[in-house]
Amino acid sequence: MNRFQIDADGWSSGVERQPSPNFDPRAPGTVVDLLVIHNISLPPSQFGGPYIADLFGNRLDCDAHPYFDQLRALRVSAHFLIRRDGHVMQFVSANDRAWHAGASNFCGRERCNDFSIGIELEGTDFDPFEDAQYDALADLTSALEARYPLTAVAGHEHIAPGRKTDPGPHFDWDRFRKSLIRNKCVSITQSNLRFPA
């Protein structure tokens, strides 16, 4: 049985909840059909600590590190964060629009926040991701597929090319795809996500 289950309110079991104020409702009738994978580390290339959750919760102490000064006015969030050890945190209901993608386009559709779910992996463009992160990502994706009509997955780099580079060259798309196919929680109809070329 999958360790994650998404309820009708868009919140998952088996995760740490830290609700963010940085979201708004999706437009009525919106079909949530895209999953967007990101990476994040705060400060850059440093793992652990409270800073990512603090950023998403608008409580980041911007004097705690010189890099944070440029984040003072930033209001962002993602639906989920997967830590290096596979621990999963949720900040926004998947029913709502988290502010994770910014200016973006997927297959001619602008404003990807409107119709996507954003998952941040604690990491960088320069470091391999951990086995525990791939395992949690596969399980979480399977749970999301069971609740939402997802048809595609993309990196932030694919929907905002030239502006964003994450999840970066060390994210193993083929491994992610194969882990979904092997995942016993994924039915035949749920194993057809389109992946980046």
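The values are calculated or read from the model by the stated rules, or taken from the named source; none is laboratory data. In this text the structure is predicted, and so the values were computed from the model without any measurement. With ideal geometry, Cβ positions are generated from the backbone for all residues, glycine too; neighbour counts draw on all protein chains shown. Quick note on the areas: whole protein, heavy atoms, side chains included, nothing else; ligands and nucleic acids left out. Shrake-Rupley method; radii C 1.70, N 1.55, O 1.52, S 1.80 Å.
Numbers at a glance
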quantity: All positions within the range 76-118 that are assigned to a loop (DSSP other than H, G, I, E, B), of a type in the set (D, E, K, R) and surrounded by fewer than 19 Cβ atoms within 10 Å (Cβ to Cβ); calculated: ARG84, ASP85, ARG111
quantity: Residue selected from the range 10-30 under the condition open to solvent by less than 60 Å² (accessible area, probe 1.4 Å) and assigned to a strand (DSSP E or B), by the criterion nearest to LEU55 (Cα to Cα); calculated: ASP24
quantity: Exclusive hit being within 14 Å of the chain's Cα centre (by Cα) and assigned to a helix (DSSP H, G or I), set ALA154, ALA143, ALA132; calculated: ALA143
quantity: Any chance PHE176 is more than 12 Å from the chain's Cα centre (by Cα) and part of a loop (DSSP other than H, G, I, E, B); calculated: no
quantity: Condition met for LEU55 (hydrophobic (A, V, I, L, M, F, W, C), closer than 22 Å to VAL92 by Cβ and not in a helix (DSSP H, G or I)); calculated: no
quantity: Considering residues of the range 31-51 that are touching a residue at least 40 places away in the same chain (Cβ under 8 Å) and hydrophobic (A, V, I, L, M, F, W, C) only, the residue surrounded by the fewest Cβ atoms within 10 Å (Cβ to Cβ); calculated: VAL31
quantity: Failed condition for LEU121, given (1) open to solvent by 40 Å² or more (accessible area, probe 1.4 Å); (2) at pLDDT 95 or above; calculated: (1)
quantity: Hey, ARG97 of a type in the set (Lys, Arg), more than 16 Å from the chain's Cα centre (by Cα) and over 20 Å from GLY168 (Cβ atoms) or not; calculated: no
quantity: Filtered residues of the range 147-176 (kept if touching a helix residue (DSSP H, G or I) at 6+ places or on another chain (Cβ under 7 Å), more than 20 Å from ARG111 (Cα to Cα) and open to solvent by 70 Å² or more (accessible area, probe 1.4 Å)); calculated: ARG175
